[in-house]
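Engineer: Starting off with a structure, shown below.
The values are calculated or read from the model by the stated rules, or taken from the named source; none is laboratory data. This structure is a prediction, so every number in the text was calculated from the model and none was measured. Note that we place each Cβ from the backbone using ideal geometry, even for glycine, and neighbour counts take in every protein chain shown. Keep in mind that these areas ignore ligands, DNA and RNA; they rest on the heavy atoms of the full protein, side chains included. Shrake-Rupley method; radii C 1.70, N 1.55, O 1.52, S 1.80 Å.
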Amino acid sequence: QNYFNDVNGTKEDFDKMGLDWREVSSTYFQLVQPNGLVKPAVYSNDTGDYDMGVAMAAASCVHPTHREFGVTSGRPRVVGFFDCVMQAELISNQGPYTSISAFDRGDDYDEYGLCIAYIYHHPEGKTMYSNGREFKSGTIIKCGEQLPTQPIMAHCQPIIKKVSGWRDTPIFARSKEWQGRVKGGELPGPVCEILDTIEYFTPC
């Protein structure tokens, strides 16, 4: 979000990038390594070369069912994957009840991701301190641990757990598939898997 604010990115800029959602999202998840870190890469098409993270964020913003832009500014609202670390911190302060909005955005994902931890890495190898804890490059911040200060979080990368998407069984309330479902039936398996994962990593 801060990056797009710094470069003054708008909806028109994203549309000009000519991003193919299916190709971008597939490429992104192929770059998620076994350790959960996204391998740095550049996404290229006829319009230019883009950091893979920027391409994924932009593609999700212009996706027909997402389209998160400020009405007045036209700037994108970048909505990332569900963050179990931040949710655990929220629950520790406000209680165990959790509400998840816009869950049907996963309807067009072959794979989806959850942030289950962060890893600290300073580009200059500096050690930092927060709340009596030492943070060296490689320090992992797990769900339920006290979050460090913002200057430390600025040098953290998310650790992603991949889960299956549910493109073949959309849950969008006005989709024909959802309208035609058996009332009282179960949610798609991948949706249940995500909810189970969130419940496992957070005390919700």
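Engineer: Glu12 fails exactly one of the following numbered conditions: (1) in contact (Cβ under 8 Å) with a residue 60 or more places away in the chain; (2) over 20 Å from the mean Cα position of the chain (by Cα); (3) closer than 26 Å to Val163 by Cα. What is the number of that condition?
Structural biologist: Single failed check for Glu12: (3).
Engineer: Among (1) modelled with pLDDT of 85 or more; (2) touching a helix residue (DSSP H, G or I) at 6+ places or on another chain (Cβ under 6 Å), where does Phe69 come up short?
Structural biologist: (1)
Engineer: Moving on to the next point. For the stretch 1-8, does any single residue satisfy the condition of being over 15 Å from the mean Cα position of the chain (by Cα), part of a loop (DSSP other than H, G, I, E, B), at pLDDT 80 or above and farther than 28 Å from Glu145 by Cα?
Structural biologist: The answer is no, given that none of the residues of the stretch 1-8 is over 15 Å from the mean Cα position of the chain (by Cα), part of a loop (DSSP other than H, G, I, E, B), at pLDDT 80 or above and farther than 28 Å from Glu145 by Cα.
Engineer: Going by the structure shown, is Cys156 within 25 Å of Arg22 (Cβ to Cβ) and either without any contact (Cβ under 8 Å) to a residue 60 or more places away in the chain or of a type in the set (A, V, I, L, M) (or both)?
Structural biologist: So Cys156 fails the test.
Engineer: Please identify the pairs in which a residue from the stretch 109-130 that is over 19 Å from Leu195 (Cβ atoms) has its Cβ atom under 9 Å from the Cβ atom of a residue that is part of a strand (DSSP E or B) and aromatic (Phe, Trp, Tyr), counting only partners at least 6 apart or on another chain.
Structural biologist: Taking only residues 6 or more apart or on different chains, the pairs are Tyr120/Phe135; His122/Phe135; Thr127/Phe135; Met128/Tyr120; Met128/Phe135; Tyr129/Phe135.
Engineer: Going through the stretch 161-197 one residue at a time, which ones are in a loop (DSSP other than H, G, I, E, B) and of a type in the set (A, V, I, L, M)?
Structural biologist: The answer is Ile171, Ala173, Val182, Leu187.
Engineer: Quick one: count up the residues across the stretch 95-126 that are more than 15 Å from Ile141 (Cβ to Cβ) and not in a strand (DSSP E or B).
Structural biologist: 20
Engineer: Of the conditions (1) among the basic types (Lys, Arg); (2) closer than 26 Å to Ala154 by Cα; (3) out of contact with any Gly (no Cβ under 7 Å at 6 or more places or on another chain), Arg67 clears all except one; give me its number.
Structural biologist: (2)
Engineer: From the set of residues in the stretch 142-156 that are closer than 17 Å to Ala88 by Cβ and within 17 Å of the chain's Cα centre (by Cα), which is surrounded by the fewest Cβ atoms within 10 Å (Cβ to Cβ)?
Structural biologist: For the stretch 142-156, the residue satisfying everything is Lys142.
Engineer: Search the stretch 131-141 for residues being in contact (Cβ under 8 Å) with a residue 12 or more places away in the chain and over 21 Å from Asp83 (Cβ atoms), and hand back the single one that is most open to solvent (accessible area, probe 1.4 Å).
Structural biologist: Ranking the candidates gives Lys136 first.
Engineer: Restricting to the stretch 159-204, name every residue that is in contact (Cβ under 8 Å) with a residue 12 or more places away in the chain, farther than 18 Å from Tyr109 by Cα and not aliphatic (A, V, I, L, M).
Structural biologist: Result: Phe201, Thr202, Pro203, Cys204.
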